[in-house]
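Peer 1: Supplied in C-alpha coordinates, the structure appears directly below.
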Amino acid sequence: MRHLLLVLLCCSSMLSMAEPLKQLASFAGVRNNQLVGYGLVVGLDGTGDQTTQTPFTVQSILNMLTNLGVQVPTGGNLQLKNVATVMVTATLPAFARPGQPLDVVVSSIGNAKSLRGGTLLMAPLKGADGQIYAMAQGNLIVAGAGAAAAGTSVQINQLATGLVPAGATVERAVPTTLGNGEFVQLELLQTDFSTASRVVNAINGQIGAVATALDGRVIQVRAPQDPNQRVAFLARLETIDVTPAKSNPKVIINARTGSIVMNQAVTVEACAIAHGNLTVTILAENTVAQPNALAGGATKRIENAEIQIETGKGPIVRVPKATSLNQVVRALNAVGATPQDLLAILQAMKAAGALNAVIEVI
(Lines give C-alpha, C1' and ligand atoms only; values in the text may rest on other atoms or scores of the structure.)
Protein backbone atom coordinates (compact mmCIF):
# COMPACT_ATOMS: atom_id res chain seq x y z
CA MET A 1 0.00 0.00 0.00
CA ARG A 2 2.87 2.34 0.77
CA HIS A 3 4.48 1.83 -2.64
CA LEU A 4 1.10 2.09 -4.36
CA LEU A 5 0.46 5.47 -2.77
CA LEU A 6 3.86 6.67 -3.98
CA VAL A 7 3.07 5.57 -7.53
CA LEU A 8 -0.29 7.35 -7.50
CA LEU A 9 1.25 10.58 -6.26
CA CYS A 10 3.97 10.45 -8.88
CA CYS A 11 1.61 9.65 -11.75
CA SER A 12 -0.73 12.46 -10.83
CA SER A 13 2.14 14.94 -10.69
CA MET A 14 3.23 13.95 -14.20
CA LEU A 15 0.07 15.48 -15.66
CA SER A 16 0.22 19.18 -16.49
CA MET A 17 -2.52 20.76 -14.43
CA ALA A 18 -3.91 24.22 -15.08
CA GLU A 19 -3.66 26.65 -12.19
CA PRO A 20 -5.34 30.01 -11.51
CA LEU A 21 -3.15 32.89 -12.55
CA LYS A 22 -3.06 34.27 -8.98
CA GLN A 23 -1.09 31.17 -7.95
CA LEU A 24 1.57 31.82 -10.60
CA ALA A 25 1.96 35.59 -10.54
CA SER A 26 1.32 38.71 -8.50
CA PHE A 27 0.56 42.30 -9.46
CA ALA A 28 3.47 44.72 -9.36
CA GLY A 29 3.08 47.09 -6.43
CA VAL A 30 0.95 44.66 -4.40
CA ARG A 31 3.44 43.56 -1.79
CA ASN A 32 4.02 43.27 1.93
CA ASN A 33 6.34 45.57 3.84
CA GLN A 34 8.42 44.58 6.85
CA LEU A 35 8.24 46.63 10.05
CA VAL A 36 10.60 46.54 13.01
CA GLY A 37 10.76 48.27 16.36
CA TYR A 38 12.39 48.26 19.77
CA GLY A 39 10.47 47.98 23.00
CA LEU A 40 10.16 46.81 26.58
CA VAL A 41 8.26 43.88 28.05
CA VAL A 42 7.22 44.31 31.68
CA GLY A 43 5.38 42.19 34.22
CA LEU A 44 7.71 39.19 34.04
CA ASP A 45 7.92 36.89 37.04
CA GLY A 46 11.61 37.41 37.77
CA THR A 47 12.65 36.08 34.36
CA GLY A 48 13.69 39.37 32.81
CA ASP A 49 17.09 40.68 31.76
CA GLN A 50 20.03 40.69 34.17
CA THR A 51 20.73 44.41 34.15
CA THR A 52 24.40 44.02 35.04
CA GLN A 53 24.93 42.24 31.73
CA THR A 54 22.44 44.24 29.65
CA PRO A 55 23.00 47.93 30.48
CA PHE A 56 20.76 49.03 27.61
CA THR A 57 17.78 47.67 29.55
CA VAL A 58 18.44 50.13 32.38
CA GLN A 59 18.98 52.94 29.90
CA SER A 60 15.67 52.19 28.18
CA ILE A 61 13.80 52.14 31.50
CA LEU A 62 15.33 55.46 32.57
CA ASN A 63 14.41 57.09 29.26
CA MET A 64 10.84 55.80 29.49
CA LEU A 65 10.37 56.95 33.08
CA THR A 66 11.82 60.35 32.24
CA ASN A 67 9.34 60.77 29.38
CA LEU A 68 6.54 59.89 31.81
CA GLY A 69 7.71 62.54 34.27
CA VAL A 70 9.36 60.21 36.78
CA GLN A 71 12.75 61.34 38.06
CA VAL A 72 15.02 58.46 39.04
CA PRO A 73 17.90 59.33 41.40
CA THR A 74 21.27 59.08 39.72
CA GLY A 75 23.86 56.64 40.95
CA GLY A 76 21.35 53.97 41.91
CA ASN A 77 21.78 50.32 40.99
CA LEU A 78 18.50 49.25 39.43
CA GLN A 79 17.67 45.55 39.57
CA LEU A 80 15.00 45.08 36.93
CA LYS A 81 14.23 41.38 37.02
CA ASN A 82 10.74 41.84 35.63
CA VAL A 83 11.73 43.82 32.52
CA ALA A 84 13.16 42.60 29.19
CA THR A 85 14.26 44.47 26.09
CA VAL A 86 12.80 43.07 22.88
CA MET A 87 12.64 43.54 19.14
CA VAL A 88 9.15 43.82 17.69
CA THR A 89 8.49 42.74 14.10
CA ALA A 90 5.36 42.79 11.95
CA THR A 91 4.30 42.54 8.33
CA LEU A 92 2.35 45.42 6.81
CA PRO A 93 0.10 43.94 4.10
CA ALA A 94 -0.72 45.65 0.85
CA PHE A 95 -3.51 48.25 0.93
CA ALA A 96 -3.38 48.46 4.74
CA ARG A 97 -5.18 51.52 6.09
CA PRO A 98 -4.80 53.45 9.37
CA GLY A 99 -6.63 51.73 12.19
CA GLN A 100 -6.16 48.21 10.81
CA PRO A 101 -4.81 45.71 13.42
CA LEU A 102 -1.65 43.67 12.84
CA ASP A 103 -0.12 40.69 14.60
CA VAL A 104 3.33 41.33 16.03
CA VAL A 105 6.16 39.00 17.04
CA VAL A 106 8.18 39.94 20.13
CA SER A 107 11.71 38.50 20.51
CA SER A 108 14.11 39.00 23.40
CA ILE A 109 17.47 40.60 22.60
CA GLY A 110 18.89 40.44 26.13
CA ASN A 111 19.34 37.49 28.44
CA ALA A 112 15.77 37.15 29.69
CA LYS A 113 14.90 33.59 30.63
CA SER A 114 11.26 33.84 29.61
CA LEU A 115 8.75 36.35 28.24
CA ARG A 116 5.78 34.36 29.52
CA GLY A 117 3.16 36.54 31.18
CA GLY A 118 4.72 39.80 30.00
CA THR A 119 3.15 42.90 28.53
CA LEU A 120 4.66 44.82 25.64
CA LEU A 121 4.71 48.57 26.22
CA MET A 122 3.96 50.96 23.39
CA ALA A 123 6.58 50.46 20.69
CA PRO A 124 6.72 52.31 17.34
CA LEU A 125 7.24 50.11 14.29
CA LYS A 126 9.27 51.60 11.45
CA GLY A 127 9.72 50.70 7.82
CA ALA A 128 12.87 50.68 5.71
CA ASP A 129 12.49 54.44 5.15
CA GLY A 130 12.61 55.19 8.88
CA GLN A 131 8.96 56.31 9.04
CA ILE A 132 6.59 55.02 11.73
CA TYR A 133 3.83 52.92 10.18
CA ALA A 134 2.32 51.21 13.24
CA MET A 135 2.25 51.24 17.05
CA ALA A 136 2.38 48.00 19.04
CA GLN A 137 1.27 47.20 22.58
CA GLY A 138 -0.41 44.31 24.35
CA ASN A 139 -0.11 41.08 26.29
CA LEU A 140 2.17 38.35 25.00
CA ILE A 141 1.21 34.79 24.18
CA VAL A 142 4.19 32.47 24.61
CA ALA A 143 3.68 28.95 23.25
CA GLY A 144 5.99 27.29 25.71
CA ALA A 145 6.55 26.40 29.34
CA GLY A 146 9.51 25.84 31.61
CA ALA A 147 10.47 25.14 35.19
CA ALA A 148 13.73 24.94 37.11
CA ALA A 149 14.64 23.78 40.61
CA ALA A 150 17.79 22.58 42.36
CA GLY A 151 19.87 22.89 39.21
CA THR A 152 17.45 20.89 37.07
CA SER A 153 15.39 22.57 34.38
CA VAL A 154 12.73 21.51 31.89
CA GLN A 155 11.67 23.61 28.91
CA ILE A 156 9.05 23.09 26.22
CA ASN A 157 9.31 25.14 23.02
CA GLN A 158 10.85 28.61 22.87
CA LEU A 159 10.29 30.99 25.80
CA ALA A 160 12.19 34.00 24.46
CA THR A 161 9.69 34.75 21.67
CA GLY A 162 6.02 35.62 21.92
CA LEU A 163 3.09 36.78 19.82
CA VAL A 164 0.68 39.66 20.38
CA PRO A 165 -2.41 38.98 18.26
CA ALA A 166 -3.76 42.22 16.77
CA GLY A 167 -1.20 43.96 18.95
CA ALA A 168 -0.33 46.73 16.49
CA THR A 169 -2.42 49.43 14.87
CA VAL A 170 -1.56 50.84 11.46
CA GLU A 171 -0.85 54.57 11.67
CA ARG A 172 0.30 55.29 8.11
CA ALA A 173 -0.72 53.82 4.75
CA VAL A 174 1.83 52.82 2.13
CA PRO A 175 1.02 54.46 -1.22
CA THR A 176 0.56 52.13 -4.18
CA THR A 177 0.63 52.79 -7.91
CA LEU A 178 -1.63 49.90 -8.87
CA GLY A 179 -4.54 52.17 -9.73
CA ASN A 180 -2.52 54.66 -11.80
CA GLY A 181 -1.52 54.46 -15.44
CA GLU A 182 -2.87 52.65 -18.47
CA PHE A 183 -1.15 49.35 -17.76
CA VAL A 184 -0.72 46.95 -14.87
CA GLN A 185 2.12 44.48 -14.63
CA LEU A 186 1.98 40.84 -13.65
CA GLU A 187 5.15 39.38 -12.15
CA LEU A 188 5.63 35.61 -12.27
CA LEU A 189 6.74 34.02 -9.01
CA GLN A 190 9.42 32.14 -10.99
CA THR A 191 11.14 33.37 -14.12
CA ASP A 192 10.19 31.18 -17.07
CA PHE A 193 9.81 32.30 -20.68
CA SER A 194 7.53 29.39 -21.57
CA THR A 195 5.17 30.12 -18.70
CA ALA A 196 5.19 33.85 -19.53
CA SER A 197 4.20 33.05 -23.11
CA ARG A 198 1.40 30.77 -21.93
CA VAL A 199 0.09 33.47 -19.59
CA VAL A 200 -0.05 35.97 -22.45
CA ASN A 201 -1.88 33.49 -24.70
CA ALA A 202 -4.38 32.64 -21.95
CA ILE A 203 -5.16 36.31 -21.21
CA ASN A 204 -5.45 37.33 -24.84
CA GLY A 205 -7.55 34.27 -25.61
CA GLN A 206 -10.18 35.11 -22.99
CA ILE A 207 -10.12 38.92 -22.82
CA GLY A 208 -8.54 40.13 -26.05
CA ALA A 209 -5.18 41.48 -27.19
CA VAL A 210 -4.34 43.27 -23.95
CA ALA A 211 -1.29 41.37 -22.66
CA THR A 212 2.36 41.51 -23.73
CA ALA A 213 5.34 39.73 -22.21
CA LEU A 214 8.18 42.13 -21.45
CA ASP A 215 10.58 39.35 -20.44
CA GLY A 216 10.50 35.95 -18.79
CA ARG A 217 8.95 37.35 -15.62
CA VAL A 218 6.90 40.50 -16.31
CA ILE A 219 3.67 40.60 -18.36
CA GLN A 220 2.17 43.99 -19.16
CA VAL A 221 -1.61 44.16 -19.36
CA ARG A 222 -3.77 47.07 -20.52
CA ALA A 223 -6.43 47.70 -17.86
CA PRO A 224 -9.49 49.98 -17.65
CA GLN A 225 -8.97 53.43 -16.13
CA ASP A 226 -12.13 53.50 -14.02
CA PRO A 227 -11.34 52.21 -10.49
CA ASN A 228 -14.42 50.00 -10.24
CA GLN A 229 -13.87 48.49 -13.66
CA ARG A 230 -10.16 48.02 -12.95
CA VAL A 231 -10.82 46.06 -9.75
CA ALA A 232 -13.29 43.80 -11.57
CA PHE A 233 -10.82 43.40 -14.44
CA LEU A 234 -7.99 42.37 -12.09
CA ALA A 235 -10.27 39.94 -10.31
CA ARG A 236 -11.06 38.34 -13.66
CA LEU A 237 -7.35 38.09 -14.49
CA GLU A 238 -6.66 36.19 -11.27
CA THR A 239 -9.16 33.46 -12.14
CA ILE A 240 -7.80 32.71 -15.63
CA ASP A 241 -6.45 29.15 -15.75
CA VAL A 242 -2.90 28.76 -17.07
CA THR A 243 -0.94 25.57 -17.56
CA PRO A 244 2.61 26.33 -16.41
CA ALA A 245 5.62 24.98 -18.23
CA LYS A 246 7.31 21.87 -16.93
CA SER A 247 9.73 22.74 -14.15
CA ASN A 248 13.45 22.16 -14.52
CA PRO A 249 14.82 19.03 -12.83
CA LYS A 250 16.26 20.05 -9.48
CA VAL A 251 17.54 18.33 -6.35
CA ILE A 252 17.57 20.37 -3.14
CA ILE A 253 20.06 19.22 -0.51
CA ASN A 254 20.07 20.53 3.06
CA ALA A 255 23.58 19.72 4.22
CA ARG A 256 22.79 20.62 7.84
CA THR A 257 19.89 18.21 8.31
CA GLY A 258 20.58 15.68 5.56
CA SER A 259 17.22 16.33 3.89
CA ILE A 260 16.95 15.65 0.15
CA VAL A 261 14.02 16.84 -1.97
CA MET A 262 13.69 16.33 -5.71
CA ASN A 263 10.94 17.22 -8.16
CA GLN A 264 9.17 15.05 -10.71
CA ALA A 265 11.42 16.15 -13.60
CA VAL A 266 14.51 14.42 -12.15
CA THR A 267 15.77 11.45 -14.15
CA VAL A 268 18.82 9.22 -13.91
CA GLU A 269 20.84 7.33 -16.49
CA ALA A 270 22.06 3.78 -16.08
CA CYS A 271 25.10 3.64 -13.79
CA ALA A 272 26.87 1.49 -11.21
CA ILE A 273 27.39 2.65 -7.62
CA ALA A 274 29.74 1.21 -5.01
CA HIS A 275 29.51 2.81 -1.59
CA GLY A 276 31.23 1.77 1.61
CA ASN A 277 31.57 3.23 5.09
CA LEU A 278 34.88 3.99 6.73
CA THR A 279 34.95 4.07 10.54
CA VAL A 280 37.99 5.25 12.51
CA THR A 281 37.95 4.62 16.28
CA ILE A 282 40.61 6.03 18.62
CA LEU A 283 40.70 4.79 22.20
CA ALA A 284 42.98 6.65 24.62
CA GLU A 285 43.84 5.23 28.06
CA ASN A 286 46.11 7.46 30.15
CA THR A 287 47.97 5.97 33.13
CA VAL A 288 50.50 7.21 35.68
CA ALA A 289 53.81 5.44 36.42
CA GLN A 290 54.65 5.85 40.12
CA PRO A 291 58.19 4.77 41.24
CA ASN A 292 58.89 3.12 44.61
CA ALA A 293 59.31 5.30 47.64
CA LEU A 294 63.08 4.66 47.85
CA ALA A 295 63.71 4.90 44.14
CA GLY A 296 65.11 8.03 42.62
CA GLY A 297 62.69 8.18 39.72
CA ALA A 298 59.93 10.70 39.04
CA THR A 299 56.23 10.25 38.42
CA LYS A 300 55.40 10.11 34.73
CA ARG A 301 52.23 10.15 32.69
CA ILE A 302 51.89 7.39 30.10
CA GLU A 303 49.55 7.81 27.15
CA ASN A 304 48.27 4.67 25.47
CA ALA A 305 46.31 5.10 22.24
CA GLU A 306 44.62 2.33 20.29
CA ILE A 307 43.44 3.02 16.73
CA GLN A 308 40.98 0.81 14.91
CA ILE A 309 39.94 1.24 11.29
CA GLU A 310 36.92 -0.60 9.95
CA THR A 311 35.83 -0.54 6.34
CA GLY A 312 32.25 -1.40 5.58
CA LYS A 313 31.30 -3.56 2.64
CA GLY A 314 30.59 -1.63 -0.52
CA PRO A 315 28.91 -3.90 -3.06
CA ILE A 316 28.37 -2.60 -6.57
CA VAL A 317 24.73 -1.73 -7.23
CA ARG A 318 23.62 -1.30 -10.81
CA VAL A 319 21.11 1.51 -11.11
CA PRO A 320 18.90 1.24 -14.22
CA LYS A 321 17.76 4.20 -16.24
CA ALA A 322 14.84 5.89 -14.49
CA THR A 323 12.49 8.40 -16.07
CA SER A 324 9.99 8.94 -13.24
CA LEU A 325 10.33 10.05 -9.64
CA ASN A 326 9.08 6.70 -8.41
CA GLN A 327 11.84 4.89 -10.29
CA VAL A 328 14.48 7.34 -9.11
CA VAL A 329 13.48 6.84 -5.47
CA ARG A 330 13.53 3.06 -5.83
CA ALA A 331 16.93 3.17 -7.52
CA LEU A 332 18.42 5.28 -4.74
CA ASN A 333 16.84 3.10 -2.05
CA ALA A 334 18.46 0.07 -3.69
CA VAL A 335 21.86 1.49 -2.79
CA GLY A 336 20.96 1.13 0.89
CA ALA A 337 22.67 4.37 1.89
CA THR A 338 21.63 6.75 4.63
CA PRO A 339 20.46 10.29 3.77
CA GLN A 340 23.90 11.63 4.68
CA ASP A 341 25.51 9.12 2.31
CA LEU A 342 23.12 10.10 -0.46
CA LEU A 343 24.52 13.63 -0.36
CA ALA A 344 27.86 12.35 -1.64
CA ILE A 345 26.30 9.77 -3.97
CA LEU A 346 24.08 12.32 -5.74
CA GLN A 347 26.98 14.71 -6.22
CA ALA A 348 29.10 11.88 -7.63
CA MET A 349 26.27 10.84 -9.97
CA LYS A 350 25.98 14.43 -11.18
CA ALA A 351 29.73 14.61 -11.84
CA ALA A 352 29.54 11.34 -13.79
CA GLY A 353 26.66 12.63 -15.92
CA ALA A 354 24.22 10.04 -14.60
CA LEU A 355 21.93 12.50 -12.79
CA ASN A 356 19.89 14.80 -15.02
CA ALA A 357 19.18 17.54 -12.51
CA VAL A 358 20.59 20.67 -10.99
CA ILE A 359 21.87 20.17 -7.45
CA GLU A 360 21.23 23.07 -5.10
CA VAL A 361 22.69 23.01 -1.59
CA ILE A 362 20.94 25.14 1.02
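Peer 1: Which residue, of Gln53, Gln34, is over 29 Å from Pro93 (Cβ atoms) and open to solvent by 90 Å² or more (accessible area, probe 1.4 Å)?
Peer 2: Gln53
Peer 1: Can you work out which of the residues in region 332-355 that are in a loop (DSSP other than H, G, I, E, B) and open to solvent by 60 Å² or more (accessible area, probe 1.4 Å) is nearest to Val261 (Cα to Cα)?
Peer 2: Of all residues in region 332-355, those in a loop (DSSP other than H, G, I, E, B) come to 336-338, 352-354.
Cutting the leftovers down to open to solvent by 60 Å² or more (accessible area, probe 1.4 Å) gives us 336, 338, 352.
Working: Gly336: 17, Thr338: 14, Ala352: 20 Å.
My answer is Thr338.
Peer 1: Any residue that is part of a helix (DSSP H, G or I) and either within 38 Å of the chain's Cα centre (by Cα) or at pLDDT 75 or above (or both) - is there at least one of those in region 309-326?
Peer 2: Within region 309-326, one or more residues are part of a helix (DSSP H, G or I) and either within 38 Å of the chain's Cα centre (by Cα) or at pLDDT 75 or above (or both).
Peer 1: Still on this structure, I have one more. Quickly run through region 112-129 and pick out the residues that are within 24 Å of the chain's Cα centre (by Cα) and open to solvent by 30 Å² or more (accessible area, probe 1.4 Å).
Peer 2: Within region 112-129, Lys126, Ala128 meet the criteria.
Peer 1: Which pairs have Cβ atoms under 6 Å, sit 6 or more apart or on different chains, and link a residue in region 119-139 that is of a type in the set (Ser, Thr, Tyr) to one that is outside any strand (DSSP E or B)?
Peer 2: Thr119/Gly43; Tyr133/Gly127; Tyr133/Arg172
Peer 1: Output yes when any residue across region 68-86 is under 25 Å from the mean Cα position of the chain (by Cα) and among the β-branched types (Val, Ile, Thr), and no when none is.
Peer 2: Yes, region 68-86 contains a residue that is under 25 Å from the mean Cα position of the chain (by Cα) and among the β-branched types (Val, Ile, Thr).
Peer 1: Another question about this same structure. Quick one: how many residues across region 64-94 are surrounded by 11 or more Cβ atoms within 10 Å (Cβ to Cβ) and closer than 28 Å to Tyr133 by Cα?
Peer 2: Counting residues in region 64-94 that are surrounded by 11 or more Cβ atoms within 10 Å (Cβ to Cβ) and closer than 28 Å to Tyr133 by Cα gives 15.
Peer 1: Within region 239-265, track down each residue that is open to solvent by 70 Å² or more (accessible area, probe 1.4 Å) and either of a type outside the set (Ser, Thr, Tyr) or in contact with a Ser or Thr (Cβ under 6 Å, 6 or more places away or on another chain) (or both).
Peer 2: Answer for region 239-265, where residues must be open to solvent by 70 Å² or more (accessible area, probe 1.4 Å) and either of a type outside the set (Ser, Thr, Tyr) or in contact with a Ser or Thr (Cβ under 6 Å, 6 or more places away or on another chain) (or both): Asp241, Lys246, Asn248, Lys250, Arg256, Val261.
Peer 1: List pairs: first in region 99-115 and more than 15 Å from Tyr38 (Cβ to Cβ), second of a type in the set (Asp, Glu), Cβ under 9 Å, 6+ apart or cross-chain?
Peer 2: Filtered contacts from region 99-115: Gly99/Glu171; Asn111/Asp49; Ser114/Asp45.
Peer 1: Would a scan of region 190-206 turn up a residue that is touching a Leu at 6+ places or on another chain (Cβ under 6 Å) and of a type in the set (Asp, Glu)?
Peer 2: No, every residue in region 190-206 fails to be touching a Leu at 6+ places or on another chain (Cβ under 6 Å) and of a type in the set (Asp, Glu).
The values are calculated or read from the model by the stated rules, or taken from the named source; none is laboratory data. Since we're looking at a predicted model, the values are computed, not measured. As a convention, Cβ positions derive from the backbone with ideal geometry for all residues, glycine included, and neighbour counts pool all protein chains shown. All accessible areas refer to the heavy atoms of the entire protein, side chains included, with ligands and DNA or RNA removed. Shrake-Rupley method; radii C 1.70, N 1.55, O 1.52, S 1.80 Å.
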